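Bear in mind these aren't lab numbers, they're just calculated from the coordinates by the rules spelled out. These numbers were taken from a predicted model, which means no experiment stands behind them. Positions of Cβ are generated from backbone atoms using ideal geometry, with glycine treated the same way; all protein chains shown enter the neighbour counts.
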Ligand SMILES: Cc1cc2nc3c(=O)[nH]c(=O)nc-3n(C[C@H](O)[C@H](O)[C@H](O)COP(=O)(O)OP(=O)(O)OC[C@H]3O[C@@H](n4cnc5c(N)ncnc54)[C@H](O)[C@@H]3O)c2cc1C
């Protein structure tokens with residue numbers, strides 16, 4: 001009998017512990033207590049750089065205020081997957097409040113940061129909600145990570161015909177236009193006009209442009225053919241246009257050549273040494289180096305070319321009398337502070353960093369740079385609190401990856417150059433690893449695995465009233 005009792009008792013204890021744990025976890029939370037007093041750190045921007053800074057300050061005795069004009073962190077490297085129906089918006093964006101719900105020293109404010117008063121140490125914030133007035137948020141340390149925006153090289157009107165894919169709204173606009181093009185081609189009976197609907201032009205052959213063109217090709221050639229009856233979605237053209245002399249110019253020439261081959265296998269035509277000089281509703285005008293131009297009829301154009309710093313960089317530069325470069329990036333010192341203002345740090349896509357010898361560091365506008373700088377800024381705050389000296393920021397380059405399609409990518413890691421499925425698997429693993437939130441990682445992994453096997457794309461909804469053009473998710477380009 002005793003033999004039976006012992007395991008039963010053990011089981012009862014185990015069940016009690018589990019029930020108690022569940023009850024404890026689900027216990028209603030007490031209302032949030034006020035933030036602990038102390039150093040006030042204000043972080044502008046919940047993108048890659050700002051998010052890392054705040055994460056690293058979660059357990060530091062400082063008051064952190066994170067301000068962003070959006071209420072979510074956007075995983076920009078996968079925005080083009082939303083633009084081509086492979087992923088849904090919620091899978092690549094996470095509410096900032098959810099990320100920091102357990103960090104009691106962090107508060108999140110929704111608002112656009114306007115002026116920065118460096119003397120009074122306050123930033124002014126305009127909430128994007130009607131009837132709410134602007135407010136001033138004081139700081140002891142300010143960390144600004146406002147990122148970048150696409151630049152249309154002085155032709156802002158091109159944005160109407162060639163949306164970019166930096167924000168979720170614009171990505172949904174691109175998805176709408178791509179899906180609309182296939183629907184229109186199915187209905188169009190005139191061969192020339194149908195060809196225009198089935199021609200897609202992606203401007204700019206950096207990683208984003210190459211990824212975007214590859215995804216449109218997969219959609220047209222793998223996913224959609226069985227969905228249409230009157231036309232073949234894969235019969236059109238996908239042009240990747242680049243003014244420079246090769247695609248993926250930030251990669252070594254052998255990987256550019258590999259990318260061109262992989263793109264070609266997918267059905268993407270790489271057009272190099274030709275500059276886009278005009279974009280209108282029914283196509284683009286390309287100019288060769290000898291000055292001759294040609295018209296390409298295309299109803300869908302996606303912009304993946306120039307990038308400029310977010311406007312907050314200019315405001316900061318003006319307030320501090322700091323230099324900006326042609327892309328509007330504000331110059332910061334080797335420790336990421338604004339010259340003459342050690343209480344203000346700026347980082348990520350919106351800055352260029354001075355080197356110790358007085359020159360400029362050549363840092364790429366990629367997520368790892370912003371993330372390392374965000375972590376560095378948090379370390380500076382901690383070291384100053386501890387009265388310790390601060391070393392200059394140093395970027396550790398772990399490599400460069402770009403994907404082109406399923407099983408297609410190029411990688412440059414520690415001097416090793418490779419392409420194809422191995423590079424793609426590496427890209428996949430890294431992107432899933434860095435997605436914020438366990439649920440997002442799981443969903444994206446499941447969706448990619450499923451679409452890899454079925455060659456399908458679930459998020460292909462054409463929402464809103466396509467006939468009148470009033471549809472969900474259309475907005476002007478993001479700053
Ligand atoms: C389509 C696309 C694909 C990319 N793919 C890759 C890739 O594969 N690998 C890679 O490493 N990099 C990639 N990048 C680049 C990478 O996303 C950026 O380098 C990185 O996001 C820079 O981080 P950041 O913190 O400087 O800015 P962001 O991540 O852009 O964050 C800036 C934040 O600041 C907020 N903000 C801006 N101004 C204000 C203001 N005035 N008030 C309040 N909030 C403001 C914005 O809402 C945003 O949340 C890609 C970029 C794009 C657009």
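Figures for the structure shown
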item	result
Ranked 284, 307, criterion: other C-beta atoms within 10 Å, fewest first	307, 284
Highest average packing first - 88-100, 134-146, Cβ atoms within 10 Å	134-146, 88-100
Within segment 156-305, percent of DSSP bridges classed antiparallel, to nearest 5	40 percent
Ranked packing of 79-87, 415-423, most packed first, by mean Cβ within 10 Å	79-87, 415-423
Order by protection proxy (mean Cβ within 10 Å, highest first), peptides 52-58, 150-156, 112-118	52-58, 112-118, 150-156
Computed [θ] at 222 nm, deg cm²/dmol, the chain (DSSP H ≥ 4; -39,500 (n - 2.57); rounded to nearest 500)	-10500 deg cm²/dmol
Segment 81-189: relative contact order in percent, alpha carbon pairs under 8 Å with at least 6 residues between	23 percent
Residues listed by number, segment 420-463, amide nitrogen under 19 Å from residue 183 label point at 7 Å toward C-beta	457-463
Between helix 421-434 and the chain: long-axis angle, C-alpha atoms, 0 to 90°, nearest 10	40 degrees
Ranked list, fewest to most other Cβ atoms within 10 Å of each Cβ, for 165, 413	413, 165
Contact order relative to length of segment 156-305, as percent, for alpha carbon pairs under 8 angstrom and 6 or more apart	32 percent
Diffusion coefficient, µm² s⁻¹, Stokes-Einstein with Kirkwood Rh over alpha-carbon pairs of segment 156-305 at 20 °C and 1.002 mPa s	138 µm²/s
Tilt relative to the chain, helix 367-385 - C-alpha long axis, 0 to 90 degrees, to 10	20 degrees
Mean separation of Cα contacts under 8 Å (6+ apart) over length of the chain, as relative contact order %	18 percent
Cα centroid separation, segment 337-366 to segment 67-124 (Å)	22 Å
Distance between modelled label sites at residue 339 and residue 119, nm, 7 Å Cα→Cβ extension	2.1 nm
Ranking of 404, 432 by count of other Cβ atoms within 10 Å, fewest first	432, 404
In degrees, nearest ten, helix 2-26 long axis to first principal axis of the chain (Cα)	70 degrees
